[in-house]
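Input: a single structure, listed below in structure tokens.
The values are calculated or read from the model by the stated rules, or taken from the named source; none is laboratory data. Because the structure is predicted, anything quoted here is derived from the model rather than measured. Methodologically, a virtual Cβ is constructed for each residue, glycine included, from the backbone with ideal geometry; neighbour enumeration extends over all protein chains shown.
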Amino acid sequence: MLLEVRNLSVEYYVEKKRISALDDVSFSQDNGEILGVIGESGSGKTTLAKAIIRAIRPPGKITKGEILFDGEDILKMNYREFKNQILWREISYVPQASQNSLNGTMKIIDHFYDTAMSHGMEDPTEIIERAKELLKMVNLDSKVLEMYPHELSGGMKQRVLIALSLLLNPQLVIMDEPVSALDVVTQKHILDNVRKLNKELNIAIIFITHDIALAKYLTQKLVIMYGGEVMEVGKTEEIMTNPYHPYTTFLLKSIPSLRGDISQLKPIREGEISLSGCPFSNRCEYATDMCKVWTPESYTYDRRVVRCINYANKNGKN
Ligand SMILES: Nc1ncnc2c1ncn2[C@@H]1O[C@H](COP(=O)(O)OP(=O)(O)OP(=O)(O)O)[C@@H](O)[C@H]1O
Ligand SMILES: [Mg+2]
């Protein structure tokens, strides 16, 4: 087991109001596994990624839970130790809308120097060689190193960031909507690169996406989120062919079959996420009065984790 998130909760405090962005989130990921996180806008995907790299800042706060990486709870580590030993070296992050996260005044090579040197890799020749090797992996020519971000297309910038995330040989790369802003051909290139990296280097990937078709193509395991809660966890193939949670069924049904982008669904309206009981109970066709007041636990059924009261009685059947 590479990563185990246990009962993780994150809250934001805005104008004296408490927003629960993650509530009791649990799942695990094996070494070298590609795990997809799917959910509508606002379901907590980015918050989850940020919690794993300890980047939740005020007004946000982790209020509960553990994040075990290689068996050690990284939330309990001294932050400096986490930053020096784990971040970039073991877990790296390609942020959402990351094309804008490159520094416009720095050449691409300087981004590689910066990251390498702040982690003790100091030989410039070694850094350049490694950067060239990584760019090749994501199908970019090494002349990109001498260019500034504005000279590159969106897809190229995204590939630079993926290359950069691999600089220190991490075991886990978290990619937050890495291809959402790109055209379909570029998306396919990048996904094929991601797959290749996963196969050749056995890097585990958390792939956050709106796009069910992409998740189906790329991932082995899925975490389905709604209103900050994990609704269902299971093998991608099994969830896609036979969803258990009513929310997963709803998602898979609402998606136009050709391109499975759930950001095309109408935005969630106020009141659609129930604040008490199961967050999906206001929209669920199977919801009972109980669902509106009582928050279900996560039940294990058929190697699947389902957070729905309908599975309460089936609990424990593995
Ligand atoms: N800095 C912040 N301050 C206040 N609330 C926040 C902040 N960041 C996130 N939230 C709230 O936390 C919840 C989860 O947000 P998050 O960005 O994790 O969702 P997401 O699933 O990544 O959405 P998207 O698909 O749009 O990227 C939302 O209700 C959001 O409004
Ligand atoms: Mg997000």
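Out of region 239-250, which residues are touching a strand residue (DSSP E or B) at 6+ places or on another chain (Cβ under 7 Å) and either part of a helix (DSSP H, G or I) or within 16 Å of ligand 2 (Cβ to nearest atom) (or both)? ILE239, TYR247, THR248 - these are the residues of region 239-250 that are touching a strand residue (DSSP E or B) at 6+ places or on another chain (Cβ under 7 Å) and either part of a helix (DSSP H, G or I) or within 16 Å of ligand 2 (Cβ to nearest atom) (or both).
The residues listed here are SER165, SER153, SER118, SER101; of these, the one that is modelled with pLDDT under 95 and more than 28 Å from LYS199 (Cβ to Cβ) is SER118.
State the number of residues belonging to region 29-53 that are away from ligand 2 (no atom under 13 Å from the Cβ), within 13 Å of VAL5 (Cβ to Cβ) and part of a loop (DSSP other than H, G, I, E, B). Going through region 29-53 one residue at a time, the tally reaches 1.
Of the listed requirements (1) part of a strand (DSSP E or B); (2) within 13 Å of ligand 1 (Cβ to nearest atom); (3) under 30 Å from PHE250 (Cα atoms), LYS61 misses just one: (3).
At least 1 residues being in contact (Cβ under 8 Å) with a residue 40 or more places away in the chain and outside the structural domain of ASP24 (by TED's automatic domain parsing) is the threshold, and among the helices (runs of 4 or more DSSP H) wholly inside region 152-230 those reaching it are 154-165.
Among the conditions (1) closer than 30 Å to GLY228 by Cβ; (2) more than 15 Å from ligand 1 (Cβ to nearest atom); (3) of a type outside the set (S, T, N, Q), the only one that GLY42 does not satisfy is (2). Kindly list the number of the only condition in (1) crowded, with 18+ Cβ neighbours inside 10 Å; (2) within 12 Å of ligand 2 (Cβ to nearest atom) that fails for ILE86. Of everything listed in (1) crowded, with 18+ Cβ neighbours inside 10 Å; (2) within 12 Å of ligand 2 (Cβ to nearest atom), ILE86 misses just condition (2). For region 95-110, the criterion of being outside any helix (DSSP H, G or I) and within 20 Å of ALA204 (Cα to Cα) is met by at least one residue.
Would you check which residues across region 56-73 are within 16 Å of ligand 2 (Cβ to nearest atom) and either touching a Gly at 6+ places or on another chain (Cβ under 8 Å) or in contact (Cβ under 8 Å) with a residue 24 or more places away in the chain (or both) and list them? Those that are within 16 Å of ligand 2 (Cβ to nearest atom) and either touching a Gly at 6+ places or on another chain (Cβ under 8 Å) or in contact (Cβ under 8 Å) with a residue 24 or more places away in the chain (or both): ILE56, GLY60.
Restricting region 122-146 to residues that are touching a helix residue (DSSP H, G or I) at 6+ places or on another chain (Cβ under 6 Å) and not in a helix (DSSP H, G or I) leaves a set whose member that is farthest from LEU191 (Cα to Cα) is LEU140. Would you say GLU151 is charged (D, E, K, R) and within 16 Å of ligand 1 (Cβ to nearest atom)? Judged against the criteria, GLU151 is not a match. Within region 55-65, does at least one residue satisfy the condition of being at pLDDT 95 or above and surrounded by 22 or more Cβ atoms within 10 Å (Cβ to Cβ)? No: region 55-65 contains no residue that is at pLDDT 95 or above and surrounded by 22 or more Cβ atoms within 10 Å (Cβ to Cβ). Checking ASN7 against (1) under 29 Å from LEU197 (Cβ atoms); (2) more than 16 Å from ligand 1 (Cβ to nearest atom), which single condition isn't satisfied? Unmet for ASN7, out of (1) under 29 Å from LEU197 (Cβ atoms); (2) more than 16 Å from ligand 1 (Cβ to nearest atom): (1).
Checked against (1) more than 25 Å from SER180 (Cα to Cα); (2) modelled with pLDDT under 95, SER43 passes all but a single condition, namely (1). Determine if region 22-38 includes at least one residue that is within 12 Å of ligand 1 (Cβ to nearest atom), polar (S, T, N, Q) and assigned by TED's automatic domain parsing to the domain that holds MET231. Looking for residues that are within 12 Å of ligand 1 (Cβ to nearest atom), polar (S, T, N, Q) and assigned by TED's automatic domain parsing to the domain that holds MET231, one finds none in region 22-38, hence no.
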